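J.: Got a structure for you, written out below as structure tokens; questions coming shortly.
The values are calculated or read from the model by the stated rules, or taken from the named source; none is laboratory data. Keep in mind that what you see is a predicted model, and the values were worked out from it rather than measured. Positions of Cβ are backbone-derived with ideal geometry, glycine not excepted, and every protein chain shown enters the neighbour counts. To get the accessible areas, we keep the full protein, side chains included, count just its heavy atoms, and leave off ligands, DNA and RNA. Shrake-Rupley method; radii C 1.70, N 1.55, O 1.52, S 1.80 Å.
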Amino acid sequence: MCGIICYTGKKKVIPILMDGLKRLEYRGYDSAGLAVVENGKTFMVKSKGKVSSLEAKLSDSSSEATFGIAHTRWATHGKPSEINAHPQFGCNNKVSVVHNGIIENYLEIKEELIEKGHEFTSDTDTEVIAHLIEQNFNGDLERAVLKSIEKLDGAFGIAAIHSDVDHKIVVVKRGSPIIIGIGENEYFAASDSTALAPYTNQMIYLSDDEMAVLNSTEYYIKNLSNEVLKKKVEFVDSDIYTNDKKGFEHFMLKEIFEQPETIENAFRGRIIESEGVSKLGGLEPVIDRLKNMKKLIIISCGTSYYSGLIGRYIFEELTELNVETEVASEFRYRKLKLDKNVAVLAISQSGETADTLAALKEAKRKGALLLGIVNGVGTSIPQLTDAGVYNHAGPEIGVASTKIYTSQLVILTLIALLIGRYQGMSFTEGKEIINAIKKLPDQIREILSNAKMIKEIALKYSVYNDFLYIGRLFNFPTAMEGALKLKEISYIHAEGYAAGEMKHGPISLIDENFPTVAIATDDLVLEKILSNMEEIKARDGKILAITNEGEKKVKKIADDIIAVPRTLPLLQPILNVIPLQLFAYYIADEKGCNIDKPRNLAKSVTVE
Ligand code: F6R
């Protein structure tokens, strides 16, 4: 989704902004632009399409400017075009603004400004911010921004400059991330720390309704009541931010292959073997509340929702908790009765997903305990929650989530183990789960060593236009996640179903051109899924089964099998999804799709 990068200092700004834009490309965008100021004049260049087209337009530029702002846009108001790309500007071309998020009341502000004589050129909501700042400007940019913000409803991250105000950048956060980067006599602002990583490891994460004012010699942060705030500077390990494919053709493939390490990062230092329990520092402040909790609601979107669905089964298996999992965009509008005896757990790779954030705010209003499982350190969700656990999996650049999904599943198991041991789970059971978790990295390595065979199977199936994925219990969400992976990166129609639902509708789709991927690993419902597979075979449907090594009955019915090692049923989805990720990847690659940046998708969905 949209990205912001800004710089003020002594270095030439255009190469820094362009590098930042390239680092933000993975978020998804449809146009890009930048505005820099040199000798009191604004120089603005925008382009529809790739950052490389913006770069081409800048190839003749000899600008020596040393401060400016830049943006990658993902259209919400107004279609992708050069005019609608950011920066947006006022009537006299002196104010330039970049903006992530949505201004909900922009139409009414626009009408007011038109009455005052402002002329608009774009269809964007962002343009009203530039005109408002222009209207309120009397030499003091900071004051003009503050006054303008008062008028805006919605969620936003904004950066503004004015050609009469040398080297000053004013940024504001409300609901959309802004991170300040601190260098030596130079300052940065960005919507994502990945863009700042090559320049500094000192970062400040703004909270909602905070404003930062940067110039080439100093920075300060204020709240919107104009009071200066002291904010903690975080030291970020910039090594984990390398945007390097490390020899893999795509980030997605690299991230699939990173899973043995990311799984290990999820549990390293977080288990006490001698006590058969987990130790999660991030949950310690709330552990007394947690162990007496009666109800847990897991909220998340997309792939993180599917890990939350598996989480429900895991918590039901290991704890006494009453658990629900809900898509965040639905949860936020339900009339739920929440109180301090309910814990709401948000799962999010980015930590910035607008629906998950809004759902959490709703739960906070009603007094629930807020928890998070988040990969993005210091992002908006962990700032809002009472306690939580980080994935520590490094950035996920491929738009389709892979390594974070499996890491989320490990962390869900560790949380359930922690609570379960307070609620009657035996030491032996706790120890058994720990032993199984510790084996996962090697078991994943074993599956990855079969990538060539999985590729051959994927190529064989790449001729079909529709797929059904079926699974039961722990692997019902695996079926949905497998289908999502395939459809989002290859644009092939795929549906994930609870296998027991086959007879209630989807079976009518089955014929020789509509293959099924059946998740048929060893658990208490294996016999049931075997019956579903028989029903598919009886209708000439082709079946690719994910099963355990040595599982003879599945082999007999399926046309093709991919075997994975055995683990506890509650951990089996972690292994089962790996071949499904590879299967989707190789089909999409065969079709020549833009795997790391599928059409219409964004990595971080910061609008509703
Ligand atoms: C799919 C995918 C998305 C995200 C969803 C939630 O591969 O990545 O479905 O899972 O947009 O994002 P986060 O986890 O950042 O809240």
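J.: I'd like to check which strands (runs of 3 or more DSSP E) are fully inside segment 138-201 and have at least 1 residues that are hydroxyl-bearing (Ser, Thr, Tyr) and more than 24 Å from residue 102 (Cβ to Cβ).
T.: On the way: elements: 154-162, 169-174, 179-182, 187-190.
Hits in segment 138-201: 187-190.
J.: Would it be correct to say that residue 507 is in the same structural domain as residue 562 (by TED's automatic domain parsing), more than 23 Å from residue 310 (Cβ to Cβ), hydrophobic (A, V, I, L, M, F, W, C) and free of Cβ contacts under 8 Å to residues at least 60 places away in the same chain?
T.: Numbers: in the same structural domain as residue 562 (by TED's automatic domain parsing): yes; more than 23 Å from residue 310 (Cβ to Cβ): yes; hydrophobic (A, V, I, L, M, F, W, C): yes; free of Cβ contacts under 8 Å to residues at least 60 places away in the same chain: yes.
When the stated conditions are applied, residue 507 passes them.
J.: Applying the selection to segment 276-332, what residues are of a type in the set (Ser, Thr, Tyr) and modelled with pLDDT under 95?
T.: Just the residues of segment 276-332 that are of a type in the set (Ser, Thr, Tyr), to begin with: 278, 300, 303-307, 313, 319, 325, 329.
The one that is of a type in the set (Ser, Thr, Tyr) and modelled with pLDDT under 95: 329.
J.: For segment 73-122, name all the residues that are modelled with pLDDT under 95 and on the phi > 0 side of the Ramachandran plot.
T.: The answer is 78, 93, 101.
J.: Check 119, 108, 150 and return the single one that is surrounded by fewer than 16 Cβ atoms within 10 Å (Cβ to Cβ) and within 18 Å of residue 209 (Cα to Cα).
T.: Of 119, 108, 150, the one residue that is surrounded by fewer than 16 Cβ atoms within 10 Å (Cβ to Cβ) and within 18 Å of residue 209 (Cα to Cα) is 150.
J.: Name the pairs: first residue in segment 574-600 and under 28 Å from residue 267 (Cβ atoms), second residue among the small types (Gly, Ala, Ser), Cβ to Cβ under 6 Å, at least 6 apart or on different chains?
T.: Filtered contacts from segment 574-600: 580/482; 582/451; 583/458; 596/398.
J.: Tell me, which strands (runs of 3 or more DSSP E) wholly within segment 259-355 include 1 or more residues that are open to solvent by 20 Å² or more (accessible area, probe 1.4 Å)?
T.: Values: elements: 295-300, 322-327, 342-348.
Answer list for segment 259-355: 295-300, 322-327.
J.: Follow-up. Restricting the search to segment 373-394, which residues are more than 9 Å from the ligand (Cβ to nearest atom), open to solvent by less than 20 Å² (accessible area, probe 1.4 Å) and either under 14 Å from residue 331 (Cβ atoms) or assigned to a strand (DSSP E or B) (or both)?
T.: Across segment 373-394, the qualifying residues are 373, 387, 389.
J.: Same structure again: State which residue pairs qualify: first residue at positive phi and inside segment 194-219, second residue of a type outside the set (Phe, Trp, Tyr) and assigned to a strand (DSSP E or B) in any location, beta carbons under 6 Å apart, and separation of 6 or more residues or different chains.
T.: 209/174
J.: Go through the residues of segment 363-372 one by one and say whether even a single one is within 13 Å of the ligand (Cβ to nearest atom) and in the same structural domain as residue 278 (by TED's automatic domain parsing).
T.: yes
J.: Take segment 413-436 and flag every residue that is over 16 Å from residue 568 (Cβ atoms) and among the small types (Gly, Ala, Ser).
T.: Of everything in segment 413-436, just one residue is over 16 Å from residue 568 (Cβ atoms) and among the small types (Gly, Ala, Ser), namely 424.
J.: Same structure again: Please determine whether any residue of segment 395-417 is out of contact with any Lys or Arg (no Cβ under 6 Å at 6 or more places or on another chain), assigned to a loop (DSSP other than H, G, I, E, B) and either away from the ligand (no atom under 13 Å from the Cβ) or without any contact (Cβ under 8 Å) to a residue 24 or more places away in the chain (or both).
T.: no
J.: Related question: Is it the case that segment 30-53 has a residue that's among the hydroxyl-bearing types (Ser, Thr, Tyr), open to solvent by 20 Å² or more (accessible area, probe 1.4 Å) and at pLDDT below 90?
T.: Of all residues in segment 30-53, those among the hydroxyl-bearing types (Ser, Thr, Tyr) come to 31, 42, 47, 52-53.
Cutting the leftovers down to open to solvent by 20 Å² or more (accessible area, probe 1.4 Å) gives us 42, 52-53.
Now drop any that are not at pLDDT below 90, which leaves none.
No.
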